[in-house]
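Pasting a structure below so you can have a look.
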Amino acid sequence: TQLLEQSPQFLSIQEGENLTVYCNSSSVFSSLQWYRQEPGEGPVLLVTVVTGGEVKKLKRLTFQFGDARKDSSLHITAAQPGDTGLYLCAGARGTYKYIFGTGTRLKVLA
Amino acid sequence: ETGVTQSPTHLIKTRGQQVTLRCSSQSGHNTVSWYQQALGQGPQFIFQYYREEENGRGNFPPRFSGLQFPNYSSELNVNALELDDSALYLCASSLGGENIQYFGAGTRLSVL
């Protein structure tokens with residue numbers, strides 16, 4: 001059972017466009033992380049959000065944790081081909097177990 | 001470059017065989033977690049080892065077992081392989097108490 005649903009599953013956009021990826025759950029998480037995974041590599045941590053309503057920015061990427069700590073969003077401004085990859089959210093349950101989302105595969109065309 | 005290395009990178013086995021995958025954690029990290037990532041899906045938590053003891057387990061059968069050694073490197077063993085075990089197996093190392101995991105590039109296992 002996948003507790004974290006991501007949408008959309010696939011996204012193909014032109015360079016320069018904006019996009020938002022959503023991560024939704026009916027469960028509360030103590031923290032939530034976003035990763036990017038490229039082919040042939042493991043996921044790389046982008047950000048961790050801990051507090052409900054928290055917003056973090058990483059260059060052109062904006063991450064928000066829902067007020068109830070059940071959902072999160074990732075917004076990319078002016079997407080570039082280098083943003084292409086699989087974006088994964090992961091919610092922390094307790095101190096050791098991370099539940100990963102279903103993933104959003106993004107392709108940015110030049 | 002995360003400092004986490006996994007071997008082998010690719011492996012082909014037949015149904016019923018046994019396999020051992022290896023993970024060398026980042027220097028100073030005492031915690032290793034293993035994940036299974038099926039094609040097109042997010043990673044699924046298998047189990048975690050902290051200072052050589054299993055510290056939590058996901059919904060995987062007992063034929064998935066592991067070890068962590070005094071140098072904090074780790075092994076994942078899978079017995080009686082099934083076709084559905086075909087996946088990318090990822091290990092991630094961290095320092096106990098911190099929520100930052102560093103992933104290796106994974107081992108791609110194909111079961112025929």
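The values are calculated or read from the model by the stated rules, or taken from the named source; none is laboratory data. Only a predicted model underlies this, so the values are computations on that prediction, with no experimental measurement involved. Every residue, glycine among them, receives a Cβ derived from its backbone with ideal geometry; neighbour counts consider all protein chains shown.
This table checks each residue for (1) within 14 Å of residue B:31 (Cβ to Cβ); (2) under 14 Å from the mean Cα position of the chain (by Cα).
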position: B:65; (1), (2): no, yes
position: B:68; (1), (2): yes, yes
position: B:72; (1), (2): yes, yes
position: B:80; (1), (2): no, no
position: B:84; (1), (2): no, no
position: B:91; (1), (2): yes, yes
position: B:94; (1), (2): yes, yes
position: B:102; (1), (2): yes, yes
position: B:106; (1), (2): no, yes
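Taking region A:79-109 as the search range and keeping residues that are within 15 Å of the chain's Cα centre (by Cα) and farther than 30 Å from residue B:59 by Cα, which one is surrounded by the most Cβ atoms within 10 Å (Cβ to Cβ)?
In this case the residue turns out to be A:79.
Between a first residue in region A:28-43 that is farther than 18 Å from residue B:33 by Cβ and surrounded by fewer than 24 Cβ atoms within 10 Å (Cβ to Cβ) and a second residue that is modelled with pLDDT of 90 or more and of a type in the set (S, T, N, Q), which pairs have beta carbons less than 9 Å apart while being 6 or more apart in sequence or on different chains?
A:38/A:84; A:40/B:9
Could you please let me know if residue A:15 is more than 10 Å from every other protein chain (Cβ to nearest Cβ), within 15 Å of the chain's Cα centre (by Cα) and of a type outside the set (Lys, Arg)? Step through it out loud before you land on a result.
On the way: more than 10 Å from every other protein chain (Cβ to nearest Cβ): yes; within 15 Å of the chain's Cα centre (by Cα): no; of a type outside the set (Lys, Arg): yes.
Against the criterion (more than 10 Å from every other protein chain (Cβ to nearest Cβ), within 15 Å of the chain's Cα centre (by Cα) and of a type outside the set (Lys, Arg)), residue A:15 does not qualify.
Which of the residues that make up region B:50-74 are outside any strand (DSSP E or B), closer than 21 Å to residue B:108 by Cα and of a type in the set (S, T, N, Q)?
B:59, B:73
Tell me, which residue of region B:50-61 that is free of Cβ contacts under 8 Å to residues at least 40 places away in the same chain and within 10 Å of another protein chain (Cβ to nearest Cβ) is surrounded by the fewest Cβ atoms within 10 Å (Cβ to Cβ)?
Here the answer is B:59.
Can you list the strands (runs of 3 or more DSSP E) found entirely within chain A that contain at least 1 residues being within 29 Å of residue B:56 (Cα to Cα) and β-branched (Val, Ile, Thr)?
Working: elements: A:5-7, A:10-14, A:19-24, A:32-37, A:44-49, A:55-58, A:61-65, A:71-76, A:85-93, A:97-100, A:104-109.
Result: A:44-49, A:97-100, A:104-109.
How many residues are farther than 23 Å from residue A:48 by Cβ and more than 12 Å from chain A (Cβ to nearest Cβ) when one looks only at region B:62-100?
Of the residues in that region, 25 qualify.
Looking at (1) over 26 Å from residue A:6 (Cβ atoms); (2) touching a strand residue (DSSP E or B) at 6+ places or on another chain (Cβ under 8 Å), which is the one condition that is false for residue B:34?
(1)
Please go through region B:38-49 and give me each residue that is surrounded by 15 or more Cβ atoms within 10 Å (Cβ to Cβ) and either at the interface with chain A (Cβ under 8 Å from one of its Cβ atoms) or over 28 Å from residue A:5 (Cα atoms) (or both), ordered by number.
Correct list: B:41, B:42, B:43, B:44, B:45, B:48.
If residue A:76 satisfies every condition in (1) loosely packed, with under 13 Cβ neighbours inside 10 Å; (2) in contact with a Lys or Arg (Cβ under 8 Å, 6 or more places away or on another chain) but one, which is the exception?
Here residue A:76 meets the rest and fails (1).
How many residues does region B:6-39 contain that are assigned to a strand (DSSP E or B), modelled with pLDDT of 95 or more and polar (S, T, N, Q)?
6
Could you tell me whether any residue of region B:75-84 is closer than 22 Å to residue A:92 by Cα and either in a loop (DSSP other than H, G, I, E, B) or in contact with a strand residue (DSSP E or B) (Cβ under 9 Å, 6 or more places away or on another chain) (or both)?
no
While we're here: Need the failing condition index for residue A:7 against (1) within 12 Å of the chain's Cα centre (by Cα); (2) buried (at least 19 other Cβ atoms within 10 Å of the Cβ), just the number.
(2)
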